[in-house]
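A short worksheet on the structure shown next.
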Amino acid sequence: MRWLILVLGVYILAAGSAYARDWHDSDADGVPDKKDACVQSQVDQRVNASGCAYKARTTTLCLRTITGVFYPASCTQLSSNIVKFEFAKSEILSSQRAVLERISAWLTQVPARLLLVGYTDSIGGEAFNHRLSLLRAKSVKQALITEFNFEPERFDIKGVGSQAPIANNRTGSGRALNRRVEFYVVF
């Protein structure tokens with residue numbers, strides 16, 4: 001019986017050292033050398049499953065400035081960066097997260113301030129719509145601060161109610177397009 005235990009112990013030690021060799025990670029990136037396509041990764045560098053560093057993506061957005069011109073000046077068409085809302089609500093829909101992620105990626109590359117302008121459709125009184133549009137802008141600002149760690153000073157907010165619709169308020173689809181927050185570059 002002791003002989004069997006001794007043989008099993010030697011086997012486990014031998015298998016363990018072979019296992020350890022298979023999982024050796026010389027550049028400490030979390031990917032074993034056996035699977036690491038980029039064995040010389042920098043310390044604390046984010047890598048993909050192949051052990052290679054993620055390439056930084058540049059995010060190019062064309063936004064309007066508060067004076068109405070495009071930013072950057074080389075833009076010829078406005079990017080689609082509108083956060084949409086449900087009727088009479090100021091909570092950001094989970095479907096709008098991609099817009100906030102695009103804006104966040106852009107803000108990490110461009111040291112600009114943004115004006116967040118909230119809008120409503122034409123249903124409801126003027127005072128209610130103005131208050132709701134301001135709440136929508138505040139909600140987007142709060143998300144950019146708390147979820148994406150931006151400084152509050154990078155954002156100004158404004159609510160304009162049902163002024164400046166971008167679609168016909170006589171149709172449901174038009175009213176849905178008018179319930180939004182838009183982003184403007186401030187200099």
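The values are calculated or read from the model by the stated rules, or taken from the named source; none is laboratory data. All values derive from a computational prediction rather than experimental measurement. Here Cβ is always computed from backbone atoms with ideal geometry, including for glycine, and neighbour counts include all displayed protein chains.
Here are some notes:
- The set of residues in the range 142-172 being in a strand (DSSP E or B), buried (at least 19 other Cβ atoms within 10 Å of the Cβ) and of a type outside the set (A, V, I, L, M) consists of 155, 159.
- Restricting 175, 179, 136 to those that are buried (at least 17 other Cβ atoms within 10 Å of the Cβ), more than 21 Å from residue 61 (Cβ to Cβ) and either touching a Phe, Trp or Tyr at 6+ places or on another chain (Cβ under 6 Å) or hydroxyl-bearing (Ser, Thr, Tyr) (or both) reduces the list to 179.
- Test result for residue 100, among the hydrophobic types (A, V, I, L, M, F, W, C), assigned by TED's automatic domain parsing to the domain that holds residue 167, modelled with pLDDT of 95 or more and loosely packed, with under 13 Cβ neighbours inside 10 Å: no
- Check on residue 122, of a type outside the set (A, V, I, L, M, F, W, C) and either in a strand (DSSP E or B) or over 27 Å from the mean Cα position of the chain (by Cα) (or both): yes
- Residues in the range 34-43 that are in contact with an Asp or Glu (Cβ under 6 Å, 6 or more places away or on another chain) and farther than 11 Å from residue 53 by Cα: 1 in all.
- Residues of the range 127-138 include none that is in contact with a helix residue (DSSP H, G or I) (Cβ under 9 Å, 6 or more places away or on another chain), of a type in the set (Lys, Arg), in the same structural domain as residue 180 (by TED's automatic domain parsing) and under 14 Å from residue 182 (Cα atoms).
- Scanning the range 125-136 for residues that are part of a helix (DSSP H, G or I) and of a type in the set (Gly, Ala, Ser) yields 127, 133.
- Look at (1) at pLDDT below 95; (2) buried (at least 16 other Cβ atoms within 10 Å of the Cβ) and you find that residue 187 fails only one, number (2).
- Within the range 71-116, the residues that satisfy the criterion of being within 24 Å of residue 130 (Cα to Cα) and in a loop (DSSP other than H, G, I, E, B) are 80, 81, 82, 85, 86, 87, 88, 89, 90, 91, 92, 93.
- Selection status of residue 139, among the small types (Gly, Ala, Ser) and either part of a strand (DSSP E or B) or over 25 Å from residue 69 (Cα atoms) (or both): yes
- Any hit, the range 171-179, residues being within 22 Å of residue 105 (Cβ to Cβ) and at pLDDT 95 or above: no
- Boolean, residue 27 is outside the structural domain of residue 105 (by TED's automatic domain parsing), outside any helix (DSSP H, G or I), modelled with pLDDT under 70 and of a type in the set (Asp, Glu): no
- Selection over the range 125-184 of residues that are more than 25 Å from the chain's Cα centre (by Cα) and on the phi > 0 side of the Ramachandran plot gives a count of 2.
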